[in-house]
1. Give the residues of the range 59-98 that are in contact with a Leu (Cβ under 9 Å, 6 or more places away or on another chain) and polar (S, T, N, Q), sorted by residue number.
2. Every residue in the range 27-43 that is in contact (Cβ under 8 Å) with a residue 60 or more places away in the chain and charged (D, E, K, R), please.
3. Looking at Thr94, Thr133 in this structure, which one is more than 17 Å from Ser74 (Cβ to Cβ), out of contact with any Asp or Glu (no Cβ under 7 Å at 6 or more places or on another chain) and among the β-branched types (Val, Ile, Thr)?
4. May I ask you to list the residues in the range 126-137 that are assigned to a helix (DSSP H, G or I) and touching a Gly at 6+ places or on another chain (Cβ under 9 Å)?
5. Of (1) modelled with pLDDT of 95 or more; (2) over 30 Å from Ala149 (Cβ atoms); (3) charged (D, E, K, R), Lys111 satisfies all except one. Which?
6. Filter the range 44-81 down to residues that are of a type outside the set (Phe, Trp, Tyr), in contact (Cβ under 8 Å) with a residue 60 or more places away in the chain and assigned to a helix (DSSP H, G or I) and give me whichever is nearest to Ala149 (Cα to Cα).
7. Of the residues that make up the range 78-99, is at least one under 16 Å from Tyr49 (Cα atoms) and surrounded by fewer than 16 Cβ atoms within 10 Å (Cβ to Cβ)?
8. Among the residues of the range 108-117, is any of a type outside the set (Phe, Trp, Tyr), assigned to a helix (DSSP H, G or I), surrounded by fewer than 17 Cβ atoms within 10 Å (Cβ to Cβ) and touching a Gly at 6+ places or on another chain (Cβ under 8 Å)?
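The values are calculated or read from the model by the stated rules, or taken from the named source; none is laboratory data. Small disclaimer: the values here were computed from a predicted structure and weren't measured. Ideal geometry is used to build each Cβ from the backbone, glycine not excepted, and the neighbour counts take in all protein chains shown.
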Amino acid sequence: MNINNRPSGIYQIHLPKYCFLFVTILISSCQNAQELKTEQYFAEGFQLYTTNCANCHQTDGKGMANLYPPLSGSASIKDKALFACIIKNGMKDTIVVAGKKFSRPMPANSKLTELEIAEIITYVSMKWSADSTLTSIDLVSKSLQQCAAVD
């Protein structure tokens, strides 16, 4: 019998763990739908970037010496419409990033869906251009229609 009304035995050992778990669940459930969607795009974008882009642009976004341009600090990633077109259709032109010229062609990623492109742009923009906003599928869709009309 416990005369002090304190938890004893197994309750005393596990109560702090359960409180922490409860608080964690409570805090995570306070995120709104847009924040959760942004986090999901970022996480999916990371996976897609790792699979489709990191081989040339590297996991740190700094590119490969004089072969492939860095994404970190590149003006191209700030223009999300242009970035979507480059991801989908590739690029054959010479590009200048941070004063360096890069002329190796970037292959098209024609199999990527609009959603996947939006996720990659969200990840890259949040990671290397201090942009904390989600890139919408609608923006990618409109951008791809416009760049297809130019081709």
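1. Ser76, Asn89
2. Lys37
3. Details: Thr94 fails: more than 17 Å from Ser74 (Cβ to Cβ).
Of Thr94, Thr133, the one residue that is more than 17 Å from Ser74 (Cβ to Cβ), out of contact with any Asp or Glu (no Cβ under 7 Å at 6 or more places or on another chain) and among the β-branched types (Val, Ile, Thr) is Thr133.
4. Met126, Lys127, Trp128
5. (2)
6. In this case the residue turns out to be Ala81.
7. There is at least one residue in the range 78-99 that is under 16 Å from Tyr49 (Cα atoms) and surrounded by fewer than 16 Cβ atoms within 10 Å (Cβ to Cβ).
8. The answer is no, given that none of the residues of the range 108-117 is of a type outside the set (Phe, Trp, Tyr), assigned to a helix (DSSP H, G or I), surrounded by fewer than 17 Cβ atoms within 10 Å (Cβ to Cβ) and touching a Gly at 6+ places or on another chain (Cβ under 8 Å).
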